[in-house]
Amino acid sequence: MEDKQIVLVTGMSGAGKTSAMNALEDLGYYCIDSFPVELLEQLSELIEKDESKFSKLAMAVSAQDYVKFMNYFDGEGRPLRLVFVDASDDELLLRYRFTRRLHPLIAKKEASTLEEAIEMERDYFEHLKQNNRQTIHIDTTKMTNQALANQIRSYFIGNTKEDFAVTFQSFGFKNGMPMDADEVIDVRFLPNPFYEPALRNKTGNDENVYNYVMGAEETKNFTEHLKGYMDFVLQAYKEQHKNHLIVAVGCTGGQHRSVSIANWLYSVYKDEYECFKSHRDIQENV
């Protein structure tokens, strides 16, 4: 990873750009929000004058401006990474209605309703999917601020394992699939502790639940095959120079089986790769 880099944080309004910037600030980045695109020349001069201060720079940029920032810094030959935060339309509507904030496109009189503003903003970002730059996509629909901070940290924190990191994330299919997952593993066929009264209100973080799931013959057979598959996949992604891989493990509710398997995967690979684990649909995120 480059010692000097600029991070552009963009995405849907209301999806968590501010929280992402706060996490980057905690990692030592000099953070700038809503910088005028017209002043980029002056900013470049400042960076040249004080390279130590701006060696790690993060900028939150709007849907309308991010391409201008990206093209400018590319033209300057500066190392650049893009972070794109997103959430489902329903979640964005809920967040705006709960906070009573005004959407930026409505404030600028470019849209008259919240639904129209969200649709317009998505149109701005449509071509982001087409560029060949490695963009970090983070889906915050079901994510707490702390979980988002953990995700940012897993991408940008320095490590000694050749800058390849893996996050093992559990989730429940009934709450929707993570939009930013690279690999999805469905474990709904494994024995379900939910039907054991003594285990129903516990999670895969509890020893009794973990032992119930991992001790089943179906699980033993499954993890034997899963280990071989993950060995191959992780090495293949690493050889493709991917910085970070998200492996999402899903069961029905995201409480028991998926949590147990995600914890097992973390324990298997934590000494080989820079690993993180996150349990989306339970209160505790690690």
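Residue order by solvent-accessible surface for 173, 232 is 232, 173, largest first, with ligands and nucleic acids left out and a 1.4 Å probe.
Under the convention that each Lys and Arg Cβ holds +1 and each Asp and Glu Cβ holds -1, the size of the dipole of region 196-237 around its Cα centre is about 100 debye.
Rounded to the nearest 10 degrees, the angle from helix 257-269 to the longest Cα principal axis of the chain is 80 degrees. Helix 217-239 and the long axis of the chain differ in direction by around 30°, with both axes built from C-alpha atoms. The charge dipole of the chain, taken about its Cα centre with unit charges on the Cβ of Lys, Arg, Asp and Glu (plus for the first two, minus for the last two), comes to roughly 640 debye.
What number, rounded to the nearest 500 deg cm²/dmol, is the helix-based mean residue ellipticity at 222 nm of the chain, given -39500 (n - 2.57) per DSSP H run of at least four residues and division by all its residues? Show your work: numbers first, answer last.
Details: 10 runs with 115 residues, N = 286.
Rounded to the nearest 500, the figure is -12500 deg cm²/dmol.
Residues considered: 150, 211, 22. Largest GNM mean-square fluctuation over the chain, using C-alpha springs under 10 Å, is found at 211.
Rounded to whole Å, the principal axis extents of the Cα atoms in the chain read 64, 44, 31, largest first. Between 106, 152, 185, where does the largest GNM mean-square fluctuation fall for the chain, given springs only between Cα atoms within less than 10 Å? Fluctuation is largest for 106. Accessible surface for residue 13 stands near 10 Å², nearest 10, in the context of the full protein assembly shown (1.4 Å probe).
Among the listed pairs 56/142; 68/238; 227/270; 17/238, which have their C-alpha atoms separated by more than 22 angstrom in this model? Can you show the working numbers first?
Working: 56/142 29 Å; 68/238 31 Å; 227/270 13 Å; 17/238 28 Å.
With Cα atoms farther than 22 Å apart: 56/142; 68/238; 17/238.
To the nearest ten degrees, helix 40-49 and the longest principal axis of the Cα atoms of the chain are 80 degrees apart. Checking every one of the trypsin sites (Lys or Arg not before Pro) in region 60-143 against DSSP loop status and a limit of 12 other Cβ atoms within 10 Å picks out 100, 108, 109, 133.
The values are calculated or read from the model by the stated rules, or taken from the named source; none is laboratory data. Model, not experiment: these values are computed from the prediction. For neighbour counting, all protein chains shown are included, and Cβ atoms are generated from backbone atoms with ideal geometry for every residue, glycine included. These accessible areas exclude ligands, DNA and RNA; they are computed on the full protein's heavy atoms, side chains included. Shrake-Rupley method; radii C 1.70, N 1.55, O 1.52, S 1.80 Å.
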